[in-house]
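Heads up, the thing below is written out as structure tokens.
The values are calculated or read from the model by the stated rules, or taken from the named source; none is laboratory data. Predicted, not measured: the structure shown is a model, and the values here were computed from it. Cβ placement follows ideal geometry from the backbone for every residue including glycine, while neighbour counts extend to all protein chains displayed. To get the accessible areas, we keep the full protein, side chains included, count just its heavy atoms, and leave off ligands, DNA and RNA. Shrake-Rupley method; radii C 1.70, N 1.55, O 1.52, S 1.80 Å.
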Amino acid sequence: MYKYPPLLGIRFLEFSGSSPSKGKLSVSSNLRLSTPSSRLKIQMKPSEAIMNALTLALATGLAATAAAAAAAETVHGALVFSRHGDRTTKHFGSQVLTPLGATQAHQVGSDYRARYLAADSPHRIKGISEFQYVPAQVYASAPDQSILLDTATSFLQGFYPPLGELKADLTTSESRLANGSSVEGPVNGYQYVQLHGVDVESPETIWIKGDDECPALIDSSAAFQSSNEFASRLNATRDFYRSLWPLVSDMYPSVEYLTYAKAYDIFDVINVARIHNASSPARKVTDAQLFQLRTLADSAEFGLNYNASEPARSLHASTLAGAIVAHLRKTVESAAHTPKFTYLSGSYDTFLAFFGIFGLTDASSDFFGLPEYASTMAFELFTPEATDKLDEDSLRVRFLFRNGTAGALTQFPLFGKGKADLSWTEFMSGMLARGVTSTQGWCNECGSEAAFCAQYKWEDNVVNGVYVPANDSVKKGSWIGVLVVMCVAIVGNLVWAAMWLIGARRQRAEKKRLAAMPAMAKTAASMSSFGKESV
């Protein structure tokens with residue numbers, strides 16, 4: 001039976017039991033809290049030490065390989081998926097991006113600008129405009145949620161800043177009037193990078209937020225909360241959470257609410273208070289306690305978003321994979337190889353699910369943990385040599401991740417294969433094997449009642465031209481019911497046709513009778529039927 005892995009070791013928790021195997025960590029039933037001053041203790045077998053050494057060597061090798069190859073390669077396109085920046089707490093359900101969060105997203109956008117747009121960057125995307133935004137070259141999208149839209153806007157401001165900040169003469173070069181004067185654009189030549197907001201009722205929302213309105217995913221996540229692993233952690237951490245009551249009593253109705261079942265909410269409340277509220281009692285939470293809260297939230301959220309034996313739990317990552325495939329394929333196959341840069345703004349739960357199903361936890365145990373605010377993962381299309389031509393046979397793809405704003409953009413192998421990068425064909429094969437690439441596929445796998453899924457229910461339940469409701473699907477023994485429905489429909493049509501014919505004959509007979517009567521009688525008959533026609 002699959003064991004839910006601890007995230008980044010649950011750093012202040014002590015474990016004993018079976019060792020990691022095939023990328024899965026087992027959590028023993030005697031999980032217990034250590035004192036805050038203690039260090040994480042994990043007993044390693046010689047084979048585990050060897051594996052750790054190999055992992056370190058792999059990471060070092062990937063970095064060295066990337067540095068050596070960068071000077072000669074050609075980057076043809078890139079896609080970035082980002083978590084939102086710092087925000088107010090989710091506890092009250094009305095969270096918004098903070099000025100700090102906007103600054104984080106802007107900084108990340110600036111950093112990607114330095115990588116993909118700067119003329120002196122070895123990773124500059126070939127043919128992309130360095131200073132002025134060209135709509136055909138950039139595609140950006142986010143769900144119609146203010147925190148994600150605002151994060152995307154801030155990122156794009158950093159990616160293509162006002163022209164006046166880049167090159168002063170560009171702010172007026174294309175706005176010269178016929179009389180010889182010039183007009184400078186507002187806000188120092190602000191660039192209006194188009195951002196596609198996706199309405200929650202649109203089928204397009206599944207590509208970035210595939211967890212919304214997905215009953216199969218919700219049911220699978222609920223199964224984690226009913227598991228032995230969850231119960232073990234719930235019991236092992238009870239005293240720790242209760243000890244925090246004096247510091248958060250103004251946020252929860254009673255101490256009974258402070259349990260592992262609310263691991264993320266409790267961490268979020270305290271973390272946000274420590275950042276933004278100098279007078280909050282939560283600022284008395286020690287760094288050690290916050291670290292403990294973070295790792296417990298790590299484990300809870302990872303368990304809710306990934307299980308190797310239950311693909312439904314990660315359907316939001318599967319639809320993101322479908323979106324990544326579609327956008328990169330468009331870059332590769334379009335005549336102008338556009339868009340050259342794609343940006344998508346989403347949430348941490350999609351990151352966690354993606355880390356699980358695409359084998360990143362095999363590359364580093366850090367991927368068991370929550371990504372920091374403004375974290376990003378990038379997919380780069382490149383050829384190993386300097387070239388003006390994009391050739392699919394030599395095209396390769398690499399995956400990179402940056403944790404928040406302080407970390408470096410680091411390359412990691414996908415699919416648990418240990419390869420620094422993959423051929424285009426191998427990458428596509430791995431993504432499609434794990435991805436969902438159609439709205440109908442998502443509707444079917446989720447069992448969703450979303451309005452846009454109704455059309456697929458109709459298509460899937462039409463038998464010989466007759467609609468059969470989903471709960472009356474055609475199985476062995478149910479053909480009699482279908483035939484009865486068809487026969488009733490046919491008989492009904494025949495009865496209606498017979499009644500129409502009888503009525504038509506009576507009408508013709510009445511007309512003949514009226515024609516034979518005196519004019520006054522005909523007039524009387526016409527007046528008697530007038531009221532009926534007007535109804």
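Full extension from SER309 to GLU392: what is 0.36 nm times the residue separation minus their Cα-Cα distance, to one decimal in nm?
On the way: separation 83, 0.36 × 83 = 29.88 nm, distance 3.40 nm.
Between SER309 and GLU392, full extension yields an extra 26.5 nm.
Which order do peptides 126-135, 255-264 fall in by mean Cβ count within 10 Å, highest first? Numbers along the way, then the final one.
Working: 126-135: 15.0, 255-264: 17.6.
Descending packing order for the listed peptides: 255-264, 126-135.
Roughly how much of PHE224 is accessible, in Å² to the nearest 10, using a 1.4 Å probe?
Counting only protein heavy atoms, the figure is 0 Å².
At a 10 angstrom cut-off on C-beta neighbours, averaged per residue, how do the peptides 278-284, 335-341, 178-184 rank from highest to lowest? If you can, show how the numbers build up before the last one.
On the way: 278-284: 13.4, 335-341: 17.6, 178-184: 8.7.
In descending order of packing, they fall as 335-341, 278-284, 178-184.
Residues in segment 344-373 near a label at LEU100, defined as backbone nitrogen under 12 Å from the 7 Å Cα→Cβ point?
373, by backbone N distance to the label point.
Could you tell me which residue out of GLY359, THR410, THR387 lies farthest along the dipole of segment 312-457 toward its positive end? Charges go on the beta carbon: Lys and Arg +1, Asp and Glu -1, centred on the Cα centre.
Going by the Cα projections, it comes out as GLY359.
What accessible surface, in Å², does a 1.4 Å probe find on MET428, ignoring ligands, DNA and RNA and rounding to the nearest 10?
Roll a 1.4 Å probe over it and MET428 shows about 20 Å².
Which parts of segment 403-434 would a label at ALA326 reach, counting a residue when its backbone N lies under 15 Å from a point 7 Å out along Cα-to-Cβ?
432
Roughly speaking, to the nearest percent, how much of segment 175-266's 1.4 Å accessible area is carbon and sulfur? Walk me through the numbers on the way to the answer.
Working: 2550 of 4770 Å².
Of all accessible area on segment 175-266, carbon and sulfur atoms account for 53 percent.
Need one number: nm distance between label points at ALA118 and ILE275, each 7 Å from Cα along Cα→Cβ, rounded to one decimal.
2.6 nm
On a straight-distance basis, which aspartates and glutamates could pair with LYS340 in a cross-link, Cα separation under 20 angstrom, same-chain partners fewer than 8 positions away excluded?
GLU73, ASP111, ASP120, GLU130, GLU380, GLU385, ASP388, ASP391, GLU392, ASP393, ASP421
What's the center-to-center distance, using Cα atoms, between segment 405-436 and segment 285-305 in Å?
Centre-to-centre (Cα) distance: 27 Å.
How much accessible surface area, in Å² rounded to 10, belongs to the heavy atoms of ASP388 with a 1.4 Å probe?
130 Å²
Would you mind getting me the FRET efficiency between TYR257 and SER429? Use the beta-carbon distance for r and R0 = 35 Å, nearest 0.05. Spell out each step's value before the answer.
Details: r = 47 Å, r/R0 = 1.33.
My answer for the efficiency is 0.15.
Could you tell me which of SER347, PRO253, ALA231 has its Cα farthest along the dipole of segment 228-364 towards the positive end, charges placed at Cβ (Lys, Arg +1; Asp, Glu -1), taken about the Cα centre?
Sorting the options by dipole projection puts first SER347.
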